[in-house]
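The structure appears below as structure tokens.
The values are calculated or read from the model by the stated rules, or taken from the named source; none is laboratory data. Keep in mind the model is a prediction, meaning the values are calculated, not measured. Reconstructed Cβ throughout: ideal geometry from the backbone, glycine too, with neighbour counts over all protein chains shown. In case anyone asks, the SASA skips ligands and DNA or RNA and just uses the protein heavy atoms, side chains included. Shrake-Rupley method; radii C 1.70, N 1.55, O 1.52, S 1.80 Å.
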Amino acid sequence: MSAQAVLREAKPYLDELEEQLEVAVARYPGVVEAVGRNAVAAGGKRLRPLLVHLTSPDRTRALRGGVAVELAHVATLVHDDLIDRAELRRGRSSAWHEHGAPAARAGGDYVFSRAIWELAEYGDLEGVDILARACLAIVRGEAMQRQQTHRPETPIDAYLERIALKTGRLFEAACLLGSRDERLGAFGLALGVAFQIADDILDCVGETIDTWKIPGADLREGVPTLPLILAAREDEVVLRALRGGPKSGVLVRVAATSALERSRAMALEYAEKARGFLRDEPELEALTHIVIDRER
């Protein structure tokens with residue numbers, strides 16, 4: 001099945017999801033509601049709720065789980081932008097830039113709380129446990145990232161552990177919220193790692209007009225992503241830049257190494273690993289291609 005066909009068939013679900021996301025963040029009007037509305041309105045591919053939809057036998061569960069997992073994701077973006085002082089999120093003014101740091105911090109916490117409430121309100125304690133574990137993993141991954149910042153010598157295994165925590169576990173949770181099937185959870189985890197490697201490649205090569213982000217954010221922040229770690233092993237200028245040195249022209253030097261090609265090969269390996277968990281599930285298989293060949 002083609003990616004276009006998957007998205008076309010899922011459109012009614014995704015349209016209803018958008019409505020439910022707006023309802024969820026509007027529950028308590030005020031500053032935190034404004035922050036939540038700003039963050040939700042920034043949009044996105046909604047891949048995580050799409051995973052809930054494609055793995056769930058029940059539309060009610062798919063909507064409830066989809067709203068919960070997307071709110072959790074949106075909350076991480078609000079907090080990430082606050083930590084990184086990013087002024088834009090997908091071409092819109094970020095929550096902290098629009099409303100200030102205290103409001104963004106409280107608003108991100110509010111959106112996280114609304115994510116858990118979407119499941120708790122219906123007595124879905126298993127779903128609460130799934131999402132809470134994923135949120136804990138995200139926090140652990142963020143702590144690892146802080147420890148690895150400006151460290152180009154970060155081992156690839158440590159990088160993979162970090163992105164599994166920060167990204168993969170929420171993809172895993174999306175599949176578990178839909179299916180309650182560990183096999184599909186394993187699929188989601190591998191898919192999330194492939195997604196993040198592809199995202200890290202895009203940060204080195206993507207055009208602002210396509211990705212809504214200025215390329216090189218990871219380099220500027222000293223975050224050792226796979227392409228930067230690999231490039232730093234080949235080029236002393238990249239090595240010094242990742243440690244905090246001059247950044248001018250460094251992305252060109254990254255592109256001149258084998259780092260991008262090798263990173264893409266690893267992303268493809270994880271996409272193939274994800275496909276290995278499937279059993280004649282063409283919609284999910286299509287997503288393994290979407291996450292690699294995409295715009296941010």
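Under the Kirkwood approximation for Rh and a Cα-based Rg, what ratio Rg/Rh is obtained for the stretch 147-296?
1.01
Keeping every protein chain present and rolling a 1.4 Å probe, give me the accessible area per residue for the stretch 103-224 in Å². Numbers along the way, then the final one.
Working: 4900 Å² over 122 residues.
Computed with neighbouring chains in place, this is 40 Å² per residue.
Quantify, in whole percent, the carbon and sulfur part of the accessible surface of the chain (1.4 Å probe; protein heavy atoms only). Spell out each step's value before the answer.
Values: 7000 of 13280 Å².
Carbon and sulfur atoms account for 53 percent of the accessible area of the chain.
Give the ranking of V237, V291 by solvent-accessible surface, highest area first, calculated with a 1.4 Å probe.
V237, V291
Take the chain, mark every one of the GluC sites (Glu not before Pro) that falls in a DSSP loop and has at most 13 other Cβ within 10 Å, then report the longest stretch left between them, sites excluded.
208-294
Hey, what angle do you get for helix 125-148 against the long axis of the chain, alpha-carbon based, 0 to 90 degrees rounded to 10?
So the helix axis and the longest Cα principal axis differ by about 20 degrees.
Helix-only estimate, please: 222 nm mean residue ellipticity of the chain, summing -39500 (n - 2.57) across DSSP H runs of length 4 or more and dividing by its residues, to the nearest 500.
The helix-only estimate for the chain comes to -23000 deg cm²/dmol at 222 nm.
Assign unit charges at the C-beta atoms only (+1 for Lys and Arg, -1 for Asp and Glu), then state the dipole size of the stretch 1-49 relative to its Cα centre in Debye, rounded to the nearest 20.
Here the stretch 1-49 has a charge dipole of around 220 debye.
Quick check: the angle from helix 259-275's long axis to the longest principal axis of the chain, C-alpha only, nearest 10 degrees?
Here the helix axis deviates by roughly 30 degrees.
What's the angle, to the nearest 10 degrees (0 to 90), between helix 182-205's Cα axis and the longest principal axis of the chain?
40 degrees
Taking only the alpha-carbon positions of the stretch 82-235 and ignoring solvent, what does the Debye formula give for the base-10 log of I(q)/I(0) at q = 0.12, 0.18, 0.20 Å⁻¹?
For the stretch 82-235 at q = 0.12, 0.18, 0.20 Å⁻¹, log10 I(q)/I(0) is -0.61, -1.25, -1.36.
Which trypsin sites (Lys or Arg not before Pro) in the stretch 26-102 sit in a loop by DSSP (not H, G, I, E or B) and have at most 16 other Cβ atoms within 10 Å of their own Cβ?
The qualifying sites are R27, K45, R85, R90.
If you count only protein heavy atoms with a 1.4 Å probe, what accessible area per residue comes out for the stretch 240-296, rounded to a whole Å²? Can you show the working numbers first?
Working: 3260 Å² over 57 residues.
About 57 Å² of surface per residue is accessible.
Let me check I've understood the local charge: for R275, count other residues with C-beta under 13 angstrom from its C-beta, Lys and Arg +1, Asp and Glu -1. What total comes out? Please report the intermediate quantities before stating the final value.
Values: positive: R183, K273, R279; negative: E269, E272, D280, E281, E283, E285.
Every neighbour counted, the sum reads -3.
For R89, what residues show an amide H to amide H distance below 5 Å, using hydrogens built from the backbone and excluding near sequence neighbours?
S94
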